[in-house]
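Before any comments, here is the structure.
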Amino acid sequence: MSRIAADRAPTVHAAPRRAAGRPAGRLTVSPHAPCAHCGLPVGPHPVFGDGGPFCCTGCAVVYRALAESGLDGTYYHLRRLTDARVAARPLAPDPLQVSELDTERFLAEETRPVGDGARAVELFVDGVHCAACVWLVERMPYEVEGVRAARLDLPRARLSLQFDPARVRLSAVAAWLARFGYAAQPVRQAGVGQRTEAERKLLIRTGVAWALAGNVMLVAFALYSGLDGEAGALATAARWASLALTLPSVAYGGAPFFQRAWASVRAALRARDPRRLHMDTPIALGVLVGFGHSAWATVAGRGEVWFDSIAVLIAALLTARYLQLRSRRLAGEASERLLALVPPMARRVTAAGVEVVRQDALRQGDVVEVPAGEVVPVDGTVISGASRLNNAVLTGESRPEPVREGGRVEAGATNLQAPLRVRVEAAGDATRVGRLLAWVREADGKRAPVVLLADRLGGAFVLGVLALALLTAALWLWLDPGRWAQHVAALLVITCPCALGMATPLAMAVAAGRAARAGLFVKSDEATQRLTDVDTVVLDKTGTLTEGEMALVEWTGDERALDLAAALEAHANHPVAAALVRARLGGVPEEEREAVTLVEAEAGQGIRGLVACHPVVVGRPEWVAEQTAQPVPADLAAAFRRYAAEGHTPVGVLVGGAWAGALAFGDRLRDEAPALVRALEAEGKAVHLLSGDHPEAVAVVARRLGVAPARARGGVSPEGKREAVAALQAEGRVVLMVGDGVNDAAALQ
């Protein structure tokens with residue numbers, strides 16, 4: 001299964017076969033029992049195994065692999081606890097991605113030694129979705145010889161692996177993961193490890209600070225309950241215990257605030273500009289004064305102590321900083337999934353044969369081979385072969401496009417049918433998809449206006465707080481010298497600029513985190529704030545408003561003919577054939593299908609053969625009409641015209657030389673799409689539809705959604721989408737762009 005096909009596997013199955021004699025009509029959808037592995041409906045013809053019905057062979061294979069490994073009990077128990085159901089089917093690894101893992105260059109550049117001959121690496125693991133996946137992946141050291149440690153970061157789908165290259169190859173690790181439906185891919189983004197390490201260290205610091213603060217609070221509870229008022233060694237011991245616990249909290253937990261405060265003081269002195277003082281300056285000063293006064297009160301045996309307040313303040317501030325850092329890291333990794341769309345390796349054709357090389361080793365004029373089912377790694381021209389390409393990742397076009405000798409292909413497209421040889425014109429960042437990804441990777445640098453306002457006010461606020469602290473100290477030194485430190489610390493802690501310097505970015509971070517849990521990605525704080533001002537919504541079609549994969553949506557004709565056509569199409573490698581087989585034969589074992597004794601396919605037209613001794617022809621209506629002397633029946637001719645008018649792909653069926661059926665294939669509209677458009681328009685927003693799909697298909701979808709024809713455009717390139725959004729912005733509109741692929745990336749930016 002190709003990566004594109006796996007990502008867009010259908011979640012709605014056709015209804016069961018109808019009884020003989022029942023009139024033909026529109027295909028219906030009926031509920032079925034859930035799949036024993038993924039929980040999705042199994043369809044009319046489930047795959048049965050020891051564990052029950054399965055929606056597809058992939059789920060059955062994964063279930064069997066779990067059972068054979070003795071891991072099924074705990075895995076499915078964790079799945080039930082988290083109630084995790086996923087729409088994606090088990091994935092198959094990309095052979096070009098996997099082959100890179102064993103190259104000397106990858107081992108040298110992407111792995112690092114960790115001692116005793118072992119090396120560490122980070123891999124992107126597609127298909128993980130719940131706590132059960134974490135448990136299963138982290139079982140690897142016990143199941144794969146040579147793997148020493150495995151830790152999975154679920155939100156980022158990152159696997160941190162330690163392995164012995166003398167005992168196990170990374171391709172073997174990928175093969176083990178593939179048994180359970182996970183596709184391992186190399187991570188290719190400079191600097192990610194540094195950000196991850198900083199986040200990890202801050203998380204440890206935050207955890208230690210909260211552990212210390214919790215213990216200090218327990219002691220403080222005793223002091224607040226009256227222990228402090230009792231004379232004796234017990235109260236003194238409680239104070240000293242609080243001091244001992246708070247000291248590491250201040251020294252270790254508060255270190256980042258002290259470092260930034262000192263750096264800002266030095267910068268302000270060098271520039272002779274007090275406005276450069278950072279907000280951490282009053283925080284650090286307040287912590288030092290509060291801790292110093294409490295420590296003195298403990299040593300002297302008199303006065304109040306605020307160890308609990310100091311410890312909790314440090315822990316709370318570190319928590320806010322961690323959430324901010326995590327949010328920025330998630331935003332910075334937007335392009336990682338996009339980078340995985342194009343394989344880093346390619347099959348270069350040489351005089352000695354075919355060799356697998358890295359993309360950066362390709363030169364203009366080289367020839368690469370692209371087998372069926374793989375992703376095209378370069379931009380170029382086909383010099384031999386004929387096939388069909390899925391260009392949805394680039395153009396949003398849901399229908400496969402034919403390509404033959406002399407035709408152009410672009411990196412990121414999936415070859416569906418037959419091997420191609422392509423002369424390289426551009427590779428890597430020079431490809432069209434590479435340029436699109438470069439736009440996405442460009443540092444946006446934009447922050448929310450409210451955050452910028454807080455930054456501008458921050459310097460003045462710090463100066464004001466410090467001035468008030470000095471005034472308070474002077475006043476209380478004159479009124480009551482014994483209480484000056486208490487009032488200065490209270491002022492600095494109470495006026496700690498958390499609301500100004502931290503609450504605003506923290507609110508943005510929390511919003512981004514909640515959006516991520518809902519499956520939404522927010523690239524910048526500015527976007528979050530501008531959501532309230534949106535007056536125009538631009539929607540992509542394929543994969544956004546639709547399910548993103550070819551499916552049998554309607555048919556007219558004989559029931560028996562449909563089954564014969566499906567049996568014949570099972571021997572074809574084409575998205576329309578796959579859709580028909582899924583709808584009619586999904587899960588039916590080959591030995592129970594109609595016998596096919598002759599198959600003859602004609603590229604781009606259709607397929608003919610003998611099925612159960614019946615001559616059967618399936619394909620384009622015009623081509624099918626050439627295979628018989630009978631005219632097209634009126635009802636089927638009307639069906640073909642209607643299917644085409646609705647933007648579907650019409651397919652005709654002949655059985656025994658006679659017309660037997662008309663089928664419509666297309667990309668199903670999501671059930672919630674019409675309600676979404678109505679809700680947006682009810683809020684006064686102008687809804688636009690931009691798609692790379694055929695204009696007729698876009699017009700049909702626009703009519704179904706109620707989008708005005710003037711606001712629906714088809715055949716739009718990725719660059720055209722970007723220009724369209726820019727044109728709307730030039731009119732003064734605040735635009736919300738909704739899309740799902742690389743072809744939308746530039747417009748989304």
query: Is there a residue in the stretch 561-577 that is at pLDDT 85 or above, among the charged types (D, E, K, R) and in contact with a helix residue (DSSP H, G or I) (Cβ under 8 Å, 6 or more places away or on another chain)?
result: yes
message: So, Val677, is that one more than 30 Å from Val738 (Cα to Cα) and touching a Leu at 6+ places or on another chain (Cβ under 8 Å) or not?
response: no
- request: Quickly run through the stretch 699-716 and pick out the residues that are touching a residue at least 12 places away in the same chain (Cβ under 8 Å) and within 17 Å of Asp671 (Cα to Cα).
  value: Val700, Val701, Ala702, Arg704, Leu705, Gly706, Val707
task: Identify, from the list Ser717, Ser691, the residue that is within 28 Å of His574 (Cα to Cα), open to solvent by less than 10 Å² (accessible area, probe 1.4 Å) and either in contact with a Cys (Cβ under 8 Å, 6 or more places away or on another chain) or among the hydroxyl-bearing types (Ser, Thr, Tyr) (or both).
output: Ser691
- prompt: Do we find a residue being assigned to a helix (DSSP H, G or I) and over 27 Å from the mean Cα position of the chain (by Cα) anywhere in the stretch 715-728?
  reply: yes
Tally of residues being assigned to a helix (DSSP H, G or I) and crowded, with 22+ Cβ neighbours inside 10 Å across the stretch 545-573: 8
- prompt: What about Val617, is it open to solvent by less than 50 Å² (accessible area, probe 1.4 Å), at pLDDT below 90 and either of a type in the set (A, V, I, L, M) or in contact with a Ser or Thr (Cβ under 9 Å, 6 or more places away or on another chain) (or both)?
  reply: no
message: Can you pull out every residue in the stretch 273-293 that is open to solvent by 50 Å² or more (accessible area, probe 1.4 Å) and without any contact (Cβ under 8 Å) to a residue 40 or more places away in the chain?
response: Leu288
- prompt: Is it fair to say Arg270 is within 30 Å of Pro113 (Cβ to Cβ), open to solvent by 50 Å² or more (accessible area, probe 1.4 Å), at pLDDT below 90 and of a type in the set (Lys, Arg)?
  reply: no
statement: Within the stretch 478-495, the count of residues that are in a loop (DSSP other than H, G, I, E, B) and either at pLDDT 75 or above or touching a Gly at 6+ places or on another chain (Cβ under 6 Å) (or both) comes to 1
- request: Report, by residue number, each residue of the stretch 159-185 that is in contact with a helix residue (DSSP H, G or I) (Cβ under 8 Å, 6 or more places away or on another chain), part of a strand (DSSP E or B) and not small (Gly, Ala, Ser).
  value: Leu159, Leu161, Phe163, Gln185
- line: The condition of being at pLDDT 70 or above, in a loop (DSSP other than H, G, I, E, B) and among the β-branched types (Val, Ile, Thr) holds, among Thr542, Thr532, Thr528, only for Thr542
- request: Determine, yes or no, whether Arg608 is open to solvent by 30 Å² or more (accessible area, probe 1.4 Å), under 30 Å from Arg404 (Cβ atoms) and in contact with an Asp or Glu (Cβ under 8 Å, 6 or more places away or on another chain).
  value: yes
field: Complete set of residues in the stretch 644-668 that are at pLDDT below 85 and out of contact with any helix residue (DSSP H, G or I) (no Cβ under 6 Å at 6 or more places or on another chain)
entry: Ala644, Ala645, His648, Thr649, Gly666, Asp667, Arg668
message: I'd like to check something: does the stretch 453-467 contain any residue that is closer than 30 Å to Arg348 by Cβ, at pLDDT below 70 and either open to solvent by 30 Å² or more (accessible area, probe 1.4 Å) or polar (S, T, N, Q) (or both)?
response: no
- prompt: Cβ-Cβ below 6 Å, separation at least six or inter-chain, first residue in the stretch 300-314 and within 11 Å of Val287 (Cβ to Cβ) and touching a residue at least 24 places away in the same chain (Cβ under 8 Å), second open to solvent by 10 Å² or more (accessible area, probe 1.4 Å) and assigned to a helix (DSSP H, G or I): which pairs?
  reply: Ile310/Phe291; Ala311/Leu212
message: Looking at Val588, Val624, Val581 in this structure, which one is touching a residue at least 40 places away in the same chain (Cβ under 8 Å) and either small (Gly, Ala, Ser) or crowded, with 17+ Cβ neighbours inside 10 Å (or both)?
response: Val588
task: Check every one of the helices (runs of 4 or more DSSP H) wholly within the stretch 297-398 and list those with 3 or more residues that are out of contact with any Cys (no Cβ under 7 Å at 6 or more places or on another chain), at pLDDT below 85 and open to solvent by 40 Å² or more (accessible area, probe 1.4 Å).
output: 307-332
message: Against the condition at pLDDT 80 or above and either of a type in the set (Val, Ile, Thr) or open to solvent by 30 Å² or more (accessible area, probe 1.4 Å) (or both), how does Phe163 come out, does it pass?
response: no
Identity of the residue in the stretch 229-249, open to solvent by 80 Å² or more (accessible area, probe 1.4 Å) and modelled with pLDDT of 85 or more, that ends up farthest from the chain's Cα centre (by Cα): Trp240
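The values are calculated or read from the model by the stated rules, or taken from the named source; none is laboratory data. Bear in mind the structure is a predicted one, so any value in this text is a computation, not a measurement. In this analysis, Cβ positions are derived from the backbone assuming ideal geometry, glycine residues included, and neighbour counts consider all displayed protein chains. Keep in mind that these areas ignore ligands, DNA and RNA; they rest on the heavy atoms of the full protein, side chains included. Shrake-Rupley method; radii C 1.70, N 1.55, O 1.52, S 1.80 Å.
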